[in-house]
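Q: Structure incoming, see below.
The values are calculated or read from the model by the stated rules, or taken from the named source; none is laboratory data. Only a predicted model underlies this, so the values are computations on that prediction, with no experimental measurement involved. Cβ placement follows ideal geometry from the backbone for every residue including glycine, while neighbour counts extend to all protein chains displayed.
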Amino acid sequence: MSGEVRVRAGGVGATGSGGGVATDSGGFGTARSDDPTGSGALGGLRGSRVRFSRASRLIVDDVDITVPRGAVGALLGPNGAGKSTLLHLVAGVERADAGALALGDDDLAALRRRDRARRIALAEQEVHGAQGLRVDDVVALGRIPHQSAWASASAHDRAVVARSLVAAGAAEFADRPYDELSGGERQRVNLARALAQEPELLLLDEPTNHLDIHAQLTMLALLRRLADDGITVLAALHDLSLAAGYADHVVVLAAGRVVAAGAPGEVLTTELIREVWGVEASVLEHPRSGRPLIAFSEVTADAAPPAPAPVE
Amino acid sequence: MLLAVLLAASVVVAVTIGPAGLAPADVFASVLAHLGLGEPTLSPLRDGIVWELRMPRVLTAAAVGAGLAICGVVMQALTRNPLADPYLLGLSSGASVGAVLVLVLGIAVALPLAAFAGALAALAVTFGLARAAGGLSPTTTVLAGLAVSAVFGAVTSLVIFWSATNDSYREILNWLLGSLSGADWASAALAGGALLVVGVPLIATGRTLDAFAFGDAAASALGVHVTRTRTLLLIATALLTGALVAVSGAIGFVGLILPHAVRLVVGTRHRALLPLSALAGALFLVWVDTGARTLFDPRELPVGILTALVGGPVFAALMLRNRRLS
């Protein structure tokens with residue numbers, strides 16, 4: 001049921017205004033002129049009543065999701081909530097059992113795989129190395145949907161690869177073997193590969209995993225900038241404060257269902273965090289950005305993990 | 001390019017090697033004469049050695065080597081399993097059963113078709129078994145291939161033993177270990193034809209195989225229809241393996257050694273790896289087969305003994321290098 005969605009999509013992060021953390025160029029809270037009902041978000045991602053089960057277990061349960069064009073959307077939720085699966089459904093890695101997904105005016109189910117891959121890119125979190133590939137080879141994989149089988153890489157392909165490497169901050173290790181990189185470096189290469197697809201919609205599965213705090217903030221600032229350039233971004237994130245600081249729009253999943261969606265300031269409340277993660281938290285205001293900042297209370301070691309929100 | 005020249009030169013030189021004392025010039029003379037471009041200068045006996053015996057054999061070796069190497073590259077990429085190869089996963093044994101049923105029992109099916117059916121059956125059983133045993137990891141797949149090879153190899157031996165009248169041991173050895181001793185122009189045409197019809201299109205799939213480098217989800221996100229592509233390409237490798245085994249028996253390890261050796265030099269990009277592995281595979285098998293027929297002259301070794309002699313240690317080295325994968 002979609003009745004649980006408290007705040008419908010389209011509410012772009014207009015909570016905080018001005019300011020920004022040190023690494024950001026002040027792009028926060030830029031109000032975007034989207035249809036407030038979320039039904040006609042120009043060029044953005046829209047999903048309605050998306051449902052998916054694997055081995056008779058319901059993993060994504062009637063999910064409604066909207067990310068307006070050029071917005072940064074954050075997908076939040078405990079482990080196993082269905083975040084990665086939802087990203088896979090949007091990317092076309094898995095096919096939804098029911099429901100509709102649309103990018104702009106196009107029904108994703110009706111797009112050819114290759115056409116979809118030219119418009120949607122997925123940067124995954126855990127990527128086991130392909131032995132012997134150099135970083136620039138890996139990024140060049142992102143050009144596959146744009147290339148024919150026989151033609152070799154064009155000057156344009158090479159230019160896009162070079163640009164993507166620079167944009168993701170991976171240019172300095174372009175000629176190193178991928179399987180010798182650190183986790184954080186791999187994350188940047190994965191992003192560069194996704195950017196080389198020149199997507200309208202960029203999906204990221206925990207892009208800040210393995211990154212130190214500086215690299216995390218850089219990554220989020222980069223996503224912010226990409227969104228300002230018109231790319232729609234949807235990232236599964238674990239860090240609530242990070243999501244609150246950078247996302248225009250957050251969607252909270254628990255046990256496959258959308259529990260809440262909307263601007264971070266409206267969605268991330270003490271009650272919601274207790275309900276979804278089973279953690280006591282105070283939601284403060286960031287002294288500089290005015291965005292929500294979440295301070296957690298201690299959890300005793302023997303505290304029971306949160307009961308997943310009931311399915312069915 | 002260099003490899004292609006080297007291969008052409010090797011074909012000529014390999015034909016001269018052996019107990020007739022031929023020179024490369026004799027090979028050219030014979031070939032030109034048979035193509036209607038020159039006067040026959042060799043004695044009919046020596047000409048026969050070049051044109052009827054050695055030339056088709058060397059060309060068959062080249063086609064089989066190239067085809068097996070292509071199969072190895074494609075299978076390794078699609079299953080993300082560095083140990084995949086038509087021999088280790090049981091396809092070659094399955095193809096042998098099909099071929100032997102036609103040749104020995106005289107079942108009225110086209111030879112390559114029967115071998116293809118056998119290879120396909122072996123492929124299906126290997127992957128089915130591996131999946132049932134807990135997933136398509138390199139280890140389970142190779143173990144399943146071992147079981148399939150053992151059974152299909154035994155069936156091949158039984159069929160030959162049960163039906164053959166004369167030298168059944170030799171016959172069994174040739175099928176199980178692979179041999180090119182019976183190669184004639186018909187085998188060269190079959191192996192070469194399969195290479196042209198199936199192998200060359202497989203060489204063109206480099207970009208698709210690249211997309212599999214980071215797993216199925218990544219390939220899918222790059223616009224590849226993962227299940228359909230994998231099924232289609234694996235069936236193609238079964239088809240190619242079937243045709244090759246029908247002329248040579250189950251020559252092992254070519255599909256394992258060559259792709260890895262070439263990878264060390266040119267890396268993992270399949271658009272380079274596929275054609276170069278094919279050329280290297282052809283070169284390799286031409287020379288190994290030349291060794292097989294001359295080392296113990298006048299007796300002949302099944303060529304599979306020599307490829308296993310090289311391939312076994314390579315397999316062991318790969319196993320050690322990939323222990324974290326299994």
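Q: Any idea which residue in region A:155-185 is nearest to A:R118 (Cα to Cα), counting only those that are charged (D, E, K, R) and in a helix (DSSP H, G or I)? I'd like the intermediate steps shown before the answer.
A: Within region A:155-185, the first condition is being charged (D, E, K, R), and the residues that meet it are A:157-158, A:163, A:172, A:175-176, A:179-180, A:185.
Retained after the next criterion (residues that are in a helix (DSSP H, G or I)): A:157-158, A:163, A:172, A:179-180, A:185.
Values: A:D157: 13, A:R158: 16, A:R163: 17, A:E172: 26, A:D179: 26, A:E180: 29, A:E185: 24 Å.
Taking the candidates together, the pick is A:D157.
Q: When you scan region B:157-170, do you find a residue that is in a helix (DSSP H, G or I) and within 14 Å of chain A (Cβ to nearest Cβ), even just one?
A: The first filter runs over region B:157-170 and keeps only residues in a helix (DSSP H, G or I), leaving B:157-163, B:168-170.
Still in the running and within 14 Å of chain A (Cβ to nearest Cβ): none.
No.
Q: Looking for whichever is crowded, with 17+ Cβ neighbours inside 10 Å, modelled with pLDDT under 90 and not basic (K, R) here; the options are A:L133, A:L101, A:L76. Which one fits? Give the derivation first.
A: Details: A:L101 fails: modelled with pLDDT under 90; A:L76 fails: modelled with pLDDT under 90.
Result of the check over A:L133, A:L101, A:L76: A:L133.
Q: Might you check whether a residue that is among the polar types (S, T, N, Q) and away from chain A (no Cβ under 14 Å) occurs anywhere in region B:118-134?
A: The first filter runs over region B:118-134 and keeps only residues among the polar types (S, T, N, Q), leaving B:126.
Narrowing the set further to residues that are away from chain A (no Cβ under 14 Å) leaves B:126.
The answer is yes, given that some residue of region B:118-134 is among the polar types (S, T, N, Q) and away from chain A (no Cβ under 14 Å).
Q: Report, by residue number, each residue of region A:111-126 that is out of contact with any His (no Cβ under 8 Å at 6 or more places or on another chain) and farther than 23 Å from A:N209 by Cβ.
A: Narrowing region A:111-126 to residues out of contact with any His (no Cβ under 8 Å at 6 or more places or on another chain): A:111-112, A:114-117, A:119-121, A:123-126.
Hits for region A:111-126 are A:L111, A:R112, A:R114, A:D115, A:R116, A:A117, A:R119.
Q: Ok, one more. In region B:262-274, which residues are crowded, with 17+ Cβ neighbours inside 10 Å and more than 10 Å from chain A (Cβ to nearest Cβ)?
A: Scanning region B:262-274 gives B:V262, B:H270, B:L274.
Q: Go through region A:59-82 residue by residue and tally those that are outside any loop (DSSP other than H, G, I, E, B) and under 11 Å from A:V258 (Cβ atoms).
A: Residues of region A:59-82 that are outside any loop (DSSP other than H, G, I, E, B), as a first pass: A:59-67, A:72-76.
Then keep just the ones that are under 11 Å from A:V258 (Cβ atoms); that gives A:60-66, A:75-76.
Result for region A:59-82: 9.
Q: Now for a separate question. Quick one: how many residues across region A:261-297 are polar (S, T, N, Q), in a helix (DSSP H, G or I) and under 22 Å from the mean Cα position of the chain (by Cα)? Steps first, answer last, please.
A: We begin by selecting, within region A:261-297, every residue polar (S, T, N, Q); these are A:269-270, A:282, A:289, A:297.
So of that shortlist, the ones also in a helix (DSSP H, G or I) come out as A:270.
Keeping just the survivors that are under 22 Å from the mean Cα position of the chain (by Cα) gives none.
Qualifying residue count, region A:261-297: 0.
Q: When you go through A:A121, A:A171, A:A167 one by one, which is the residue that is surrounded by 14 or more Cβ atoms within 10 Å (Cβ to Cβ) and either within 9 Å of another protein chain (Cβ to nearest Cβ) or in contact (Cβ under 8 Å) with a residue 60 or more places away in the chain (or both)? First the steps, then the outcome.
A: Working: A:A171 fails: either within 9 Å of another protein chain (Cβ to nearest Cβ) or in contact (Cβ under 8 Å) with a residue 60 or more places away in the chain (or both); A:A167 fails: either within 9 Å of another protein chain (Cβ to nearest Cβ) or in contact (Cβ under 8 Å) with a residue 60 or more places away in the chain (or both).
The conditions single out A:A121.
Q: Sticking with this structure for a sec: Of all residues in region B:254-306, which are of a type in the set (K, R) and closer than 20 Å to B:P86 by Cβ?
A: Taking region B:254-306 and keeping what is of a type in the set (K, R), we get B:263, B:269, B:271, B:293, B:299.
Within region B:254-306, B:R263 is the sole residue that qualifies.
Q: Right, next: Looking only at region A:228-241, decide whether some residue is among the hydroxyl-bearing types (S, T, Y), free of Cβ contacts under 8 Å to residues at least 40 places away in the same chain, touching a strand residue (DSSP E or B) at 6+ places or on another chain (Cβ under 9 Å) and within 28 Å of A:L284 (Cα to Cα).
A: Applying the first criterion (among the hydroxyl-bearing types (S, T, Y)) to region A:228-241 yields A:232, A:241.
Imposing the further condition that a residue be free of Cβ contacts under 8 Å to residues at least 40 places away in the same chain reduces the set to none.
Scanning region A:228-241, I find no residue that is among the hydroxyl-bearing types (S, T, Y), free of Cβ contacts under 8 Å to residues at least 40 places away in the same chain, touching a strand residue (DSSP E or B) at 6+ places or on another chain (Cβ under 9 Å) and within 28 Å of A:L284 (Cα to Cα), so the answer is no.
Q: Another question, then. When you look at A:L191, is it crowded, with 17+ Cβ neighbours inside 10 Å and at pLDDT below 90, yes or no?
A: Working: crowded, with 17+ Cβ neighbours inside 10 Å: yes; at pLDDT below 90: no.
No; evaluated as a whole, the condition is false for this residue.
Q: Check off (1) away from chain B (no Cβ under 12 Å); (2) touching a helix residue (DSSP H, G or I) at 6+ places or on another chain (Cβ under 9 Å); (3) at pLDDT 90 or above for A:A159 and give me the number that stays unchecked.
A: All conditions pass for A:A159, except number (2).
Q: Then there's this: Applying the selection to region A:228-237, what residues are in contact with a Gly (Cβ under 9 Å, 6 or more places away or on another chain) and closer than 21 Å to A:L89 by Cα? Reasoning before the result, please.
A: Here is the first cut: in region A:228-237, the ones in contact with a Gly (Cβ under 9 Å, 6 or more places away or on another chain) are A:228-236.
A:I231, A:T232, A:V233, A:L234, A:A235, A:A236 - these are the residues of region A:228-237 that are in contact with a Gly (Cβ under 9 Å, 6 or more places away or on another chain) and closer than 21 Å to A:L89 by Cα.
Q: Any idea which of B:G304, B:G311, B:G215, B:G255 is on the phi > 0 side of the Ramachandran plot and of a type outside the set (A, V, I, L, M, F, W, C)?
A: Numbers: B:G304 fails: on the phi > 0 side of the Ramachandran plot; B:G311 fails: on the phi > 0 side of the Ramachandran plot; B:G255 fails: on the phi > 0 side of the Ramachandran plot.
None of the others qualify; the one that does is B:G215.
Q: Check every one of the helices (runs of 4 or more DSSP H) wholly within region B:1-97 and list those with 1 or more residues that are without any contact (Cβ under 8 Å) to a residue 24 or more places away in the chain. Write out each step before concluding.
A: Values: elements: B:2-16, B:24-34, B:44-48, B:55-79.
By residue number, B:2-16, B:24-34, B:44-48.
Q: Quick check, is B:L239 assigned to a helix (DSSP H, G or I), in contact (Cβ under 8 Å) with a residue 60 or more places away in the chain and within 14 Å of another protein chain (Cβ to nearest Cβ)? Break it down stepwise before answering.
A: On the way: assigned to a helix (DSSP H, G or I): yes; in contact (Cβ under 8 Å) with a residue 60 or more places away in the chain: yes; within 14 Å of another protein chain (Cβ to nearest Cβ): no.
It is false that B:L239 is assigned to a helix (DSSP H, G or I), in contact (Cβ under 8 Å) with a residue 60 or more places away in the chain and within 14 Å of another protein chain (Cβ to nearest Cβ).
Q: Name the pairs: first residue in region B:183-208 and more than 14 Å from every other protein chain (Cβ to nearest Cβ), second residue hydroxyl-bearing (S, T, Y) and surrounded by 22 or more Cβ atoms within 10 Å (Cβ to Cβ), Cβ to Cβ under 8 Å, at least 6 apart or on different chains?
A: Close Cβ pairs (under 8 Å, with a partner that is hydroxyl-bearing (S, T, Y) and surrounded by 22 or more Cβ atoms within 10 Å (Cβ to Cβ)) amount to B:A183/B:T60; B:A183/B:S248; B:S187/B:T60; B:S187/B:S248; B:A188/B:T60; B:A191/B:T60; B:A191/B:S248; B:G192/B:T60.
Q: Also, I was wondering about something else. Please verify whether A:S152 is of a type in the set (S, T, N, Q) and more than 8 Å from every other protein chain (Cβ to nearest Cβ), treating the condition exactly as stated.
A: Numbers: of a type in the set (S, T, N, Q): yes; more than 8 Å from every other protein chain (Cβ to nearest Cβ): no.
No, not satisfied.
Q: Follow-up. Any chance you could count how many residues in region B:124-133 are under 15 Å from B:T231 (Cβ atoms) and surrounded by fewer than 24 Cβ atoms within 10 Å (Cβ to Cβ)? Let's see the steps before the verdict.
A: Narrowing region B:124-133 to residues under 15 Å from B:T231 (Cβ atoms): B:124, B:126-128, B:131.
Of the ones still in play, those that are also surrounded by fewer than 24 Cβ atoms within 10 Å (Cβ to Cβ) are B:124, B:127-128, B:131.
So the answer is 4.
Q: Let me ask another. Hey, can you tell me all the residues within region A:51-65 that are within 15 Å of A:L87 (Cα to Cα) and either surrounded by 17 or more Cβ atoms within 10 Å (Cβ to Cβ) or hydroxyl-bearing (S, T, Y) (or both)?
A: A:F52, A:S53, A:I59, A:V60, A:D61, A:D62, A:V63, A:D64, A:I65 - these are the residues of region A:51-65 that are within 15 Å of A:L87 (Cα to Cα) and either surrounded by 17 or more Cβ atoms within 10 Å (Cβ to Cβ) or hydroxyl-bearing (S, T, Y) (or both).
Q: Sticking with this one: Quick one: which of A:R193, A:R143, A:R188 is part of a helix (DSSP H, G or I), more than 8 Å from chain B (Cβ to nearest Cβ) and out of contact with any helix residue (DSSP H, G or I) (no Cβ under 7 Å at 6 or more places or on another chain)?
A: Details: A:R193 fails: out of contact with any helix residue (DSSP H, G or I) (no Cβ under 7 Å at 6 or more places or on another chain); A:R143 fails: out of contact with any helix residue (DSSP H, G or I) (no Cβ under 7 Å at 6 or more places or on another chain).
Every option except A:R188 fails the conditions.
Q: Any idea which residue in region A:88-115 is nearest to the other protein chains (Cβ to nearest Cβ), counting only those that are within 27 Å of A:E185 (Cα to Cα) and not small (G, A, S)? Before the answer, list the steps.
A: The initial filter retains those residues of region A:88-115 that are within 27 Å of A:E185 (Cα to Cα), namely A:88-93.
After this cut, where a residue has to be not small (G, A, S) as well, the list is A:88-90, A:93.
Values: A:H88: 6, A:L89: 11, A:V90: 10, A:V93: 4 Å.
Taking the candidates together, the pick is A:V93.
Q: Also, quick follow-up: Which of the residues that make up region B:209-236 are under 30 Å from B:P313 (Cα atoms) and more than 10 Å from chain A (Cβ to nearest Cβ)?
A: Across region B:209-236, the qualifying residues are B:L209, B:R230, B:L233, B:L234, B:I235, B:A236.
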